[in-house]
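Below: one structure, written as structure tokens.
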Amino acid sequence: MNAPLEKNANHAATAPAYFSVYDMHAYYGESYIVQGVSFNIHEGEILALLGRNGAGKTSTLRAISRVDSPMVTQGEIWLDHQPLHTMASYQASIAGVGLVPEDRRIIQGLTVEENILLAQIAPPLGWSLDRLYDLFPRLRERRKQEGTTLSGGEQQMLAIARALARDVKLLLLDEPYEGLAPVIVQEIAKTLGLIREQGITTVIVEQNAVAALKLADRAVILDTGTVVYDGSAEEVLNDDKLRAEYLAI
Ligand SMILES: Nc1ncnc2c1ncn2[C@@H]1O[C@H](COP(=O)(O)OP(=O)(O)O)[C@@H](O)[C@H]1O
Ligand SMILES: [Mg+2]
């Protein structure tokens, strides 16, 4: 099977996208949640996946990562020519999907460093401890501290570091700014920019749409499980009507 062709007319019609979700439908039991979602991402891009509460953002990230996933009944998900829709969550992780869930899941009783090293007990290995600590100097300072005693912002940094400790091709962030002070949001946004410079492709789901749009290259907006916008992040920032209709901001 071949990856679905690039659908965006701005790009060569023959090149498969680096990452693509193609006509995905997903259910939790009888509940039909993801209702035919398609979008593409180019390598090294940051995509903001936005929409109101209950629009299906988390479900879409779960379906991509296969972690706590709704049942995908139709559609394809491709990452760098690999069919994620055929995989279990551990296989998707080996294929390069790194999910940072909303609750961060820092492991109790382990230090910062142990939390990172635990992600590296099996290949494929990603960034080294030194490289991660260069990116997150606060984590170097606190490496012997128990992970769950960190501040919210530091725990978010640890959750991102843990994803990068594996060989991540696609970083999926579910509301990374939730509950964080604006100054910390700025610090994490700056770090996500540095991660993009390293060539990593990122999907950021956020209720803080403005902060996500300032960082992102492109945006996809979901509404009741369907895509209602797919275009530039800047356009959404400048379109009051679009923001009012689908983002309530
Ligand atoms: N485990 C689940 N079982 C049944 N329904 C769920 C489950 N998780 C989420 N949903 C429902 O799916 C819809 C989309 O949820 P979700 O993907 O979490 O939205 P978002 O992240 O955009 O707020 C909501 O109506 C929610 O109630
Ligand atoms: Mg959610």
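We did not get these values from a lab; they are worked out from the coordinates using the rules stated. This structure is a prediction, so every number in the text was calculated from the model and none was measured. When we count neighbours, we look across all protein chains shown, and the Cβ atoms used for this are built from the backbone with ideal geometry, even at glycine.
Looking at the chain, the DSSP beta bridges with both ends there are about 60 percent antiparallel. On the basis of the beta-carbon distance and an R0 of 35 Å, Tyr32 and Asp167 show a calculated FRET efficiency of 0.50.
Counting only residues at least eight positions apart within a chain, or on another chain, the lysines with an alpha carbon under 20 Å from that of Lys57 are Lys169, Lys214. In summary, the stretch 118-206 shows an alpha-carbon radius of gyration equal to 1.03 times the 2.2 N^0.38 Å reference for compact globular proteins.
Using 0.36 nm per residue and subtracting the Cα-Cα separation, the extra length available between Glu178 and Asn53 on full extension is 43.7 nm. Can you tell me the orientation of helix 152-164 relative to the chain, as the angle in degrees between its alpha-carbon axis and the longest Cα principal axis, to the nearest 10? Here the helix axis deviates by roughly 70 degrees.
Once both labels are positioned 7 Å from their Cα atoms along Cα-to-Cβ, the gap between His42 and Thr86 label points is 2.9 nm.
Of Ile204, Ile160, Ile121, the residue with the greatest mean-square motion in the GNM of the chain, using alpha carbon springs below 10 Å, is Ile121. Taking each residue as 0.36 nm, the span from Thr224 to Leu125 lengthens on full extension beyond its C-alpha to C-alpha distance by 31.9 nm. Taking Cα atoms only, the orientation of helix 182-197 departs from the longest principal axis of the chain by about 70 degrees.
When you filter the GluC sites (Glu not before Pro) in the stretch 69-115 for DSSP loop state and at most 16 other Cβ atoms inside 10 Å of their Cβ, you are left with Glu102.
Compactness ratio for the chain: Cα radius of gyration over 2.2 N^0.38 Å (N = residue count) comes to 0.98.
Please state the shape class of the stretch 84-128: rounded when a/c is under 1.5, otherwise prolate if a/b exceeds b/c and oblate if not, all from the C-alpha gyration tensor. It is oblate, given that a/c is not under 1.5 and a/b is not larger than b/c. Put in line by how crowded their Cβ is, counting other Cβ atoms within 10 Å and starting with the fewest, Ser65, Ser232 read Ser232, Ser65. Taking each residue as 0.36 nm, the span from Lys190 to Arg140 lengthens on full extension beyond its C-alpha to C-alpha distance by 16.2 nm. Cβ-to-Cβ counts within 10 Å put Tyr18, Tyr28 in ascending order as Tyr28, Tyr18, the fewest first.
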